Amino acid sequence: MRRATLTLALSITSSLVLTSCLKGPNYSRPKVDVPTDYHGPSSTVNADEAQSLGHAKWWSIFKDDALQKLIRTAIGQNYDLRIAASRVLEAHEAVTIARSDQVPTVSGGATLSGTRYRYFPDRSQTKNNIVELGLSFGWDVDFWGKYRRLTEAARADLMATEWARRGVVNGLVSSVAAAYFELRTLDLELEISRRTLASRQDSLDLTRALVNGGAAPLTDQRQAEQLVEAAALSIPNLERQVQQLENAINILLGRNPGAPIERGLVLAEQLAPEVPPPGIPSTLLDRRPDIAQAEQDLVAANARIGVARAAFFPDITLTGLGGVASSALGNLFRSNPKSWDYNASVMEPIFTRGRLKANLRQIEAQREQALLAYQQTIQQAFRDVSDGLIAYQKFRESRVHQERLLAAAKDAADLARTRYQGGATSYLEVLTNETNSFSAEIGLATALLNERLAVVQLYGALGGGWEQ
């Protein structure tokens, strides 16, 4: 009879839970002001999203085999990415824990107890041994949806950590590519400096010969020495930057500093192709990891409002206990006493001195903060894309002008040397034009770097790189 009563109570309670309503608002994506086009040059919308830059695989953007190998190593070994993956596993288990509160808990136990009595004066004894086995049952009935909202929040937290992991991949691909391009630029600048030093040393030797032969003043030799030292001065600084940048790349790869960094194409061969259209702006909401992460934070904050509102309503708890007992272990499952006990309780908060209302207002304020953070992240994302488009276009234009500047500077330097050798001008003109030519060549290396970094910036701003 008791078992039938308990079964009936559980059936009724389960039906009530299934038909109960969730407290708190259901999530719906808030409306945001999404532009129809990105602001900036070359921002033509491409209707085929599959061909947009953000959807391109990173190995189709960065085609240097050495760079691709570095990126793959970083994805497999980088510590930040491994930490982010571990956080995803942690959040996954948090969902399991939150979901477990929705179902009853059952515990089992065994007890062995004994007593001995000794009587005087005849010293007679009496022994009592009891063996008990029992199961206990407990269920905090989720009538108001508190635990379902907690599970909803936990799932959103899980998705937020997964998007955070993808954001780490996005940033890691960009960081490795940018560092690699900077390394190849330093290699180029070092090559330019060493080549220039050798050329200027030959020029200094010739000038010394002219001075010793009385065909040129000593000032020409001193000016030639300035050119040599200016070129030599840049070499130790560039070597320092190369070694330090190699250390930084090794850290990105999850390796100790000092390991050699494999090089591939020289900077001039690192082509910066025409960038595909950036795609439809609205797709950025679903593609960029930081936006998706911010939205999942908003989902979790929204679900916790339901938890706070459910706290105003009664807690319904069911408990039960059943078991068997015997004085002998062998008779435990034969004729022995059986016991059943069950209880249903309802607890309604009456006086909390405003704690429940304050908690609800606090959670609502947190949701408002999450909403504002989501909207702010979207605005920043559109700015990042716009800045990337502008940077790519303008750095391309700057590189073209820098190439023309270098060509003019080299011609001027060649002409100055010819005029000096013909006695038509002083060595000061050679000094000035050699300095300008060296600066223009270094400037072109920087322009090439900026153009390639702009591609990296735009690709990352569009959320590219996290899809493997």
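The values are calculated or read from the model by the stated rules, or taken from the named source; none is laboratory data. Since this is a predicted model, take the numbers as computed values, not measurements. Glycine gets a Cβ as well: all are built from the backbone with ideal geometry, and neighbour counts include every protein chain shown. Please note that ligands, DNA and RNA were not included when accessible areas were found on the heavy atoms of the full protein model with its side chains. Shrake-Rupley method; radii C 1.70, N 1.55, O 1.52, S 1.80 Å.
Observations, loosely collected:
- Residue among A198, A179 that alone is of a type in the set (A, V, I, L, M, F, W, C), part of a helix (DSSP H, G or I) and at pLDDT 95 or above: A179
- Residue match in region 414-423 (condition: crowded, with 20+ Cβ neighbours inside 10 Å and at pLDDT 85 or above): yes
- Selection status of A440, closer than 30 Å to Q379 by Cβ, open to solvent by less than 40 Å² (accessible area, probe 1.4 Å), touching a Lys or Arg at 6+ places or on another chain (Cβ under 9 Å) and part of a helix (DSSP H, G or I): no
- Checked against (1) out of contact with any Gly (no Cβ under 6 Å at 6 or more places or on another chain); (2) in a helix (DSSP H, G or I), Q457 passes all but condition (1).
- Residues in region 303-337 that are modelled with pLDDT of 65 or more and assigned to a helix (DSSP H, G or I): A303, R304, I305, G306, V307, A308, R309, A310.
- Check on N433, part of a helix (DSSP H, G or I), within 23 Å of L389 (Cβ to Cβ) and open to solvent by 20 Å² or more (accessible area, probe 1.4 Å): no
- Tabulated pairs, region 255-274, first charged (D, E, K, R), second modelled with pLDDT of 90 or more, C-beta under 6 angstrom, 6+ apart or interchain: E262/A66; R263/A66
- Qualifying residue in region 268-281 (condition: modelled with pLDDT under 90 and closer than 25 Å to A156 by Cα): yes
- Residues (of a type outside the set (A, V, I, L, M) and either part of a loop (DSSP other than H, G, I, E, B) or open to solvent by 60 Å² or more (accessible area, probe 1.4 Å) (or both)) located in region 201-225: Q201, D202, D205, R208, N212, G213, G214, P217, T219, R222
- Scanning region 158-194 for residues that are among the hydroxyl-bearing types (S, T, Y) and open to solvent by less than 10 Å² (accessible area, probe 1.4 Å) yields Y180, T185, S193.
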